[in-house]
């Protein structure tokens, strides 16, 4: 157990639907990052939050949104899902953004059918 | 792009041999980190090397950084079957996020 909790572990949904992925960071970590990993692809950075505020944005589609709550857990919302959104979605957290290593969760495997 | 390259894409070696993976980048970094990912699992942080460091060790892992060549290497000595995984280098360019490459798939043959 890395200390970063992601739920659900697996999700199968139909095209056009909306899903919410949840992440609880490791205790004490203020930064949360979301990454997408498709088959045979590296990790694509989606978005970062630090202590409740959006800090950086990457290749995140307009259909996707995220937020970090006062208790520091974060949610990634994916809407109008397409087949190409099928991927592993990882959440990671860190204490000092960019200056130390990330702790990753075990990911949510999203399958859009 | 800022990502650069990782090579090789795939590597198969006999158990007990050493494995070397390389990572390059194109613009100045703040630090560079290596991660391991077992199939379909989350990434595990292995080692971080800062731009003013040239070499770091952690157990059977040795990481070098050559800022003049904008490259880094990860050496795993005396490989074991349990080292079979994908290895990613992640570049921090001074902002707060890490930029990952596509990784090297390492297979250790018992």
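General observations
- When segment A:86-102 is filtered for residues that are at pLDDT 95 or above and surrounded by fewer than 22 Cβ atoms within 10 Å (Cβ to Cβ), the ones remaining, listed by number, are A:86, A:87, A:88.
- Candidate set from segment A:63-92 (those that are within 10 Å of the chain's Cα centre (by Cα) and within 14 Å of chain B (Cβ to nearest Cβ)); member that is nearest to residue B:93 (Cα to Cα): A:92
- Inter-residue pairs, beta-carbon under 9 Å, first without any contact (Cβ under 8 Å) to a residue 60 or more places away in the chain and within 7 Å of chain A (Cβ to nearest Cβ) and in segment B:90-102, second assigned to a loop (DSSP other than H, G, I, E, B) and buried (at least 18 other Cβ atoms within 10 Å of the Cβ), 6+ apart: B:95/A:97; B:95/A:98; B:96/A:97; B:96/A:98; B:97/A:97; B:97/A:98
- Check on residue B:39, more than 12 Å from the chain's Cα centre (by Cα), surrounded by fewer than 17 Cβ atoms within 10 Å (Cβ to Cβ) and part of a loop (DSSP other than H, G, I, E, B): yes
- Annotation: residue A:106 fulfils all but one of (1) outside any strand (DSSP E or B); (2) surrounded by fewer than 21 Cβ atoms within 10 Å (Cβ to Cβ); (3) away from chain B (no Cβ under 12 Å); the unmet one is (3).
- Evaluating residue B:16 against the criteria (1) assigned to a loop (DSSP other than H, G, I, E, B); (2) at pLDDT 95 or above; (3) surrounded by 16 or more Cβ atoms within 10 Å (Cβ to Cβ) leaves one unmet condition, (3).
- Scan of segment B:53-89 for residues that are within 14 Å of another protein chain (Cβ to nearest Cβ), in a strand (DSSP E or B) and either without any contact (Cβ under 8 Å) to a residue 12 or more places away in the chain or over 14 Å from the mean Cα position of the chain (by Cα) (or both), ordered by number: B:56
- Residue among A:105, A:42 that is out of contact with any helix residue (DSSP H, G or I) (no Cβ under 8 Å at 6 or more places or on another chain) and modelled with pLDDT under 95: A:42
The values are calculated or read from the model by the stated rules, or taken from the named source; none is laboratory data. Note that the structure is predicted; figures quoted are calculated from it, not measured. We place every Cβ from the backbone using ideal geometry, glycine too, and count neighbours over all the protein chains shown.
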